[in-house]
Amino acid sequence: MDAFKRLTPFLFIAAQLDPKDIPGIAAQGFRLLVDLGPRHDLGLAAEARRIGLDYRPAAATASEDEALLELISGQRGPVLILSQDAEAAVRLWALAEASSQAPERILETAASAGFDIGPLDGALRERRQRLARTPRNAESADFDVVVIGGGAAGCAVTSSLLKRNPRLRIAVLEPAETHYYQPGWTLVGAGVFSQAHTHRPMQRCIPPRATWIRQAAKAFHPQASRVLLADGSHLRYRALAVCTGLELDWNAIEGLDETLGRNGVTSNYAFDLAPYTWECVQALRGGRALFTQPPVPIKCAGAPQKAMYLSCDWWRRRGVLDAIQVDFCSAGAALFSVAAFVPALMRYVERYNAHLHFGETLVAVDGPARLAHFRVNDAEGNGRTLTREFDLLHLVPPQRPPACIGSSPLANPEGWLEVDPYTLQHLRHENVFGLGDIIGVANAKTAAAVRKQAPVVAENLLRVLAGQAPSAHYDGYGACPLTVERGRVVLAEFGYDGRLLPSFPLDPRVARRSAWALKTRVMPRVYFDLMLKGREWLTASHGT
């Protein structure tokens, strides 16, 4: 990779290649090799075909090859352009992106990589106008907006859009019949909530003025402003809001399927398992309790330790905590990502005499033998396996983007939705926006983040439909009500770079009873009756 000139995360340029380099290129994830050389290397073509890499030769007039331009712009990537003239490769990329990016952004990207293609500005603008996609016009699109997902983000942004323009034609793609309030599952696992507090029929959550399509998205064609549905049909849109959430990768932990929900192995990250967590907590009178956290990103990164604190508080109140060894095993390097909250949390770690183990990733479970196996990496990156016994194991599975996003032209190299961290607009397709757990930005993946993101996306999406630039900004806000004991919560609210963003004029680093009331009594109503209905409570941006 070091021998290549990087223009964007999806486009690299090389002066020359040897056929023996092709397997290494494919191994690095390249999907397409475009050869701009005057004489195309048959050896390169043969080797590329042998290993399944898409190889496209192009003549000097490649910039006029519409099929090639659309192929480049629609690639999940990355793409490697082979050319002795790096600027010619950049011009080709610029023309390929003209239908999905503003000329100013294209020129700026090229300049940041050291290329001045200013003279191409006129051609970019002419091509952009000529290739304006008809589905973006109201009269030919099936819907003004298609929203992918009916979870917290999908319902909230749909309501926020309709609040601003009730005449919008909006479709929500969501196959599930039940909507879950996932922040409540930690409290179910602690015996505070019943399951009934945490779900409602999907029909009550999706705004009635929207069209609910009971299907999942299968693939995306952003160049044509179309989405492919699971049944093989297509929907055309003027704008797209992607809110798929993420997936829990239970299968990444060996042996878990055979023991999850039995043998003291549980997780509050599943609706059906949270009650079993509470059964296990009540039944434990001695032994070892393990609580694990996988590598980030994960939804609500504070939830793994919330389960530990509430369990320990129950055992302390029942007088059995001294007979239980509590271990918190995290793949991360710190107890919490925002350092300002760590001292308050450490006071509870010490109160409960919990043992912290960082850099440990759960990789396998033997339920009947009550053994948990962890991968541990030393400072040099060398891995070893560590085995711990347990009587109770509360685990959090690794998490990943859904395949329909990870393999699409909308994804970044890691598979998450590629959006601007402030406007939440896609970086390469201006009529695409994202919010919720799927976006590839450095914010906390929480329902509270969605509460701030939905109005930003609604404002910016409507401006794009009106031919204007996005103006609303998301400041990275996320909130994690850390339930350190029954009756007290450290209300961690923060934005990008760990900046504290408290909603109330109180020191957010202090565990408070008022925050417990907010968590248990106020927030469920805010979620169902305000956020999902487009009533934007405490959503003013803190700025950038």
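The values are calculated or read from the model by the stated rules, or taken from the named source; none is laboratory data. Since the model is a prediction, treat every value here as computed from it, not as a measurement. Backbone-built Cβ (ideal geometry, glycine too); neighbour counts: all protein chains shown. Heavy atoms of the whole protein, side chains included, go into the accessibility calculation; ligands, DNA and RNA do not. Shrake-Rupley method; radii C 1.70, N 1.55, O 1.52, S 1.80 Å.
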Practice problem: Output the peptides 291-301, 494-504 sorted from most to least packed, where packing is the average of other Cβ atoms within 10 Å over each peptide's residues. | Solution: 291-301, 494-504
Quiz item: Could you give the angle, 0 to 90 degrees to the nearest 10, between helix 86-97's Cα long axis and the longest principal axis of the Cα atoms of the chain?
Solution: 70
Quiz prompt | Residue order for His357, His199 - accessible surface, 1.4 angstrom probe, largest first | solution = His199, His357
Exercise. Would you indicate which of (i) 33.5; (ii) 25.0; (iii) 26.2 is the value of mean projected area of the Cα convex hull in nm² derived from the coordinates of this structure?
Key: (iii)
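List the relative contact order of the range 463-526 as a percent without decimals, with contacts defined as Cα pairs under 8 Å and 6+ residues apart.
27
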Practice problem: Counting only heavy atoms of the protein chains, get the accessible area per residue of the chain (1.4 Å probe) and round it to a whole Å² value. | Solution: 42
Quiz item: Do any GluC sites (Glu not before Pro) in the range 327-389 lie in a DSSP loop with no more than 10 other beta carbon atoms within 10 Å, and if so, which?
Solution: Glu380
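Antiparallel DSSP bridges in the chain: what percent, to the nearest 5?
45
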Self-check item: Accessible area of Glu459 in the full protein assembly, 1.4 Å probe (Å², nearest 10)
Solution: 80
Quiz prompt | Charge dipole of the range 408-544 about the Cα centre (unit charges at C-beta), most positive-ward option of Ala479, Val522, Gly498 | solution = Val522
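Explain nothing, just the number: dipole magnitude of the chain about its Cα centre with +1 on each Lys and Arg Cβ and -1 on each Asp and Glu Cβ, in debye rounded to the nearest 20.
2200
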Quiz item: Computed on alpha carbon atoms, what radius of gyration and Dmax characterise the range 328-461, expressed in Å?
Solution: 19.1, 55
Quiz item: Cα to Cα, under 17 Å, and not fewer than 8 places away if on the same chain: which aspartates and glutamates meet these conditions relative to Lys5?
Solution: Asp18, Asp21, Asp35, Asp85, Glu87, Glu108, Asp116
Quiz item: Per the Kirkwood definition applied to all pairs of different Cα atoms, how many angstroms is the hydrodynamic radius of the range 138-251?
Solution: 15.2
Exercise. Any chance you could give the angle, 0 to 90 degrees and rounded to 10, that helix 121-130 forms with the longest Cα principal axis of the chain?
Key: 80
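How long are the semi-axes of the equivalent ellipsoid of the range 193-320, defined as square roots of 5 times the Cα gyration tensor eigenvalues? Whole Å, largest first.
Working: eigenvalues 310, 63, 37 Å².
Semi-axes (√(5λ), whole Å): 39, 18, 14.
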Practice problem: Would you mind telling me the antiparallel percentage of the DSSP bridges in the range 276-404, rounded to 5? | Solution: 50
Quiz item: In degrees between 0 and 90, to the nearest 10, how far off the longest principal axis of the chain does helix 42-51 point, with axes built from Cα atoms?
Solution: 30
Quiz prompt | Computed Kirkwood radius, in angstrom, where 1/r is averaged over Cα pairs of the range 304-395 | solution = 14.4
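What percent do you get for the relative contact order of the chain when only Cα pairs under 8 Å and 6+ apart count? It would help to have the intermediate numbers written out before the result.
Working: 1140 pairs, mean separation 73.7, N = 544.
This gives 14 percent for the chain.
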Exercise. Only helical DSSP H runs with n ≥ 4 go in: add -39500 (n - 2.57) per run for the chain, normalise by residue count and round the 222 nm mean residue ellipticity to 500 deg cm²/dmol.
Key: -7500 deg cm²/dmol
Quiz item: Which pairs, out of Lys452/Lys533; Lys163/Lys452; Lys299/Lys519; Lys218/Lys299; Lys445/Lys519; Lys20/Lys218, put more than 25 Å between their alpha-carbon atoms?
Solution: Lys20/Lys218
Self-check item: Heavy atoms of Trp314 accessible to a 1.4 Å probe, total area in Å² rounded to 10
Solution: 40
Quiz item: What order do Arg513, Arg226, Arg521 take when sorted by accessible area (1.4 Å probe), most exposed first?
Solution: Arg521, Arg513, Arg226
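Quick check for me: using +1 on Lys/Arg Cβ and -1 on Asp/Glu Cβ, what's the dipole size of the range 310-426 about its Cα centre, in debye to the nearest 20? Let's see the in-between values first.
Values: 10 positive and 13 negative charges, 86 e Å.
With Lys and Arg at +1 and Asp and Glu at -1, about 420 debye.
Sort Met523, Met202 from largest to smallest accessible area, using a 1.4 Å probe on the heavy atoms of the protein chains. Present the calculation step by step, with values, prior to reporting the outcome.
Details: Met523 45, Met202 5 Å².
The most accessible residue leads, giving Met523, Met202.
Express as a percent, rounded to the nearest 5, the fraction of DSSP beta bridges in the range 219-343 (both residues included) that run antiparallel. Write down the numbers at each step before the final one.
Numbers: 6 of 13 bridges.
Percent antiparallel among DSSP bridges in the range 219-343 is about 45.
Give a quick list of trypsin sites (Lys or Arg not before Pro) in the range 134-206 that DSSP marks as loop, anything other than H, G, I, E or B, with at most 15 other Cβ atoms within 10 Å.
Values: sites: Arg136, Lys163, Arg164, Arg167, Arg169, Arg204; in loops: Arg167, Arg169.
Answer by residue number: Arg167.
Compute the orientation-averaged projected area for the range 266-317 from the convex hull of its Cα atoms and round it to one decimal in nm².
On the way: hull surface 15.1 nm².
Averaged projected area of the range 266-317's Cα convex hull equals 3.8 nm².
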Self-check item: Span from the the range 86-108 Cα centroid across to the the range 244-271 one, whole angstrom
Solution: 44
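Computing the accessible area with a 1.4 Å probe over protein heavy atoms, can you report the carbon and sulfur percentage for the range 350-487? Please report the intermediate quantities before stating the final value.
Details: 2250 of 4790 Å².
With neighbouring chains kept in place, the figure for the range 350-487 is 47 percent.
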